1. Between A44, A33, which is out of contact with any Phe, Trp or Tyr (no Cβ under 7 Å at 6 or more places or on another chain), at pLDDT 95 or above, under 17 Å from Y105 (Cβ atoms) and surrounded by 18 or more Cβ atoms within 10 Å (Cβ to Cβ)?
2. Count, please, the residues in region 65-102 that happen to be among the aliphatic types (A, V, I, L, M), out of contact with any Phe, Trp or Tyr (no Cβ under 7 Å at 6 or more places or on another chain) and assigned to a loop (DSSP other than H, G, I, E, B).
3. Mind checking which residues of region 158-211 are touching a residue at least 60 places away in the same chain (Cβ under 8 Å) and either under 25 Å from S87 (Cα atoms) or among the small types (G, A, S) (or both)?
4. Could you check how many residues of region 116-138 are in contact (Cβ under 8 Å) with a residue 12 or more places away in the chain and assigned to a helix (DSSP H, G or I)?
5. Testing A62 on (1) assigned to a helix (DSSP H, G or I); (2) under 22 Å from A164 (Cβ atoms); (3) free of Cβ contacts under 8 Å to residues at least 40 places away in the same chain; (4) of a type outside the set (S, T, N, Q), one condition comes back false. Which one is that?
6. How many of the residues in region 28-59 are touching a Lys or Arg at 6+ places or on another chain (Cβ under 8 Å) and either assigned to a helix (DSSP H, G or I) or among the hydroxyl-bearing types (S, T, Y) (or both)?
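The values are calculated or read from the model by the stated rules, or taken from the named source; none is laboratory data. What you are looking at is a predicted structure, and each value in this text was computed from that prediction instead of being measured. Methodologically, a virtual Cβ is constructed for each residue, glycine included, from the backbone with ideal geometry; neighbour enumeration extends over all protein chains shown.
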Amino acid sequence: MSKTTLKDVAMEPEHSPAQRTAGGRRTEGGSRALALLLVITGAAGVLAAWVITLDKFKILEAKVRGETFTPGCSLNPIVSCGSVMESDQASVFGFPNPVLGLVTYGIVICVGMSLLAGARFPRWYWLTFNAGTLFGVAFCAWLMFQSLYRINALCLWCCLAWVATIIMFWYVTSFNVRKGFLPAPSWLKSFFGEFTWVMPVLHIGVIGMLILTRWWDFWTG
């Protein structure tokens, strides 16, 4: 009896090879494992964005009443979701960042569900989707820097969204490289074909080390 592993996410779809539309454009579908990964990471992002949005509303309602609301994930001076939610960086586009997450992570779930249903997309669609995940991982990197070195606090729900975004970015990038939608040398295609999981693990590991060293005295005190 076989079981799905992280390596399976980088494998080719089990069904027919690439197809072409009436206009001659090549279309590709993703493997079931990739589709499930997108659904799961998208759902994790939606969950994080939803909880943060609810807590943001509660903070604002408490302020109107002249009270103070402390989110349940504010555990200590470092893991302090409230400090992050009330920062200027939490509304960088003029509205709470989680609102953007509710939309974008919802799109990821839709793409994953479409792939599970057998949908096939042309090159421009996959590259646009990849560009969206690139924006997401770049935005998360900026938020990480702000959280660690400007706000000086962590939000656990934000960390969940960061991890979900990093995973989806690397696996979508791997898909596009292996399918030839992104130009890459043959060794890189082979690497992604076997070891896609290495990149998100390293990426998340680096962030973990930065968090550990940033507050080393606090964690070891």
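1. A44
2. Count: 2.
3. Residues satisfying the conditions are C158, L160, A161, V163, A164, T165, S174, G193, I207, L210, I211.
4. Of the residues in region 116-138, 11 are in contact (Cβ under 8 Å) with a residue 12 or more places away in the chain and assigned to a helix (DSSP H, G or I).
5. (2)
6. Summing the residues that are touching a Lys or Arg at 6+ places or on another chain (Cβ under 8 Å) and either assigned to a helix (DSSP H, G or I) or among the hydroxyl-bearing types (S, T, Y) (or both) in region 28-59 gives 0.
A quick yes/no check of all residues on (1) under 30 Å from N176 (Cβ atoms); (2) charged (D, E, K, R); (3) in contact with a helix residue (DSSP H, G or I) (Cβ under 6 Å, 6 or more places away or on another chain):
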| position | (1), (2), (3) |
| --- | --- |
| L47 | yes, no, no |
| I78 | no, no, yes |
| M85 | no, no, yes |
| V103 | yes, no, no |
| A117 | yes, no, no |
| V137 | yes, no, yes |
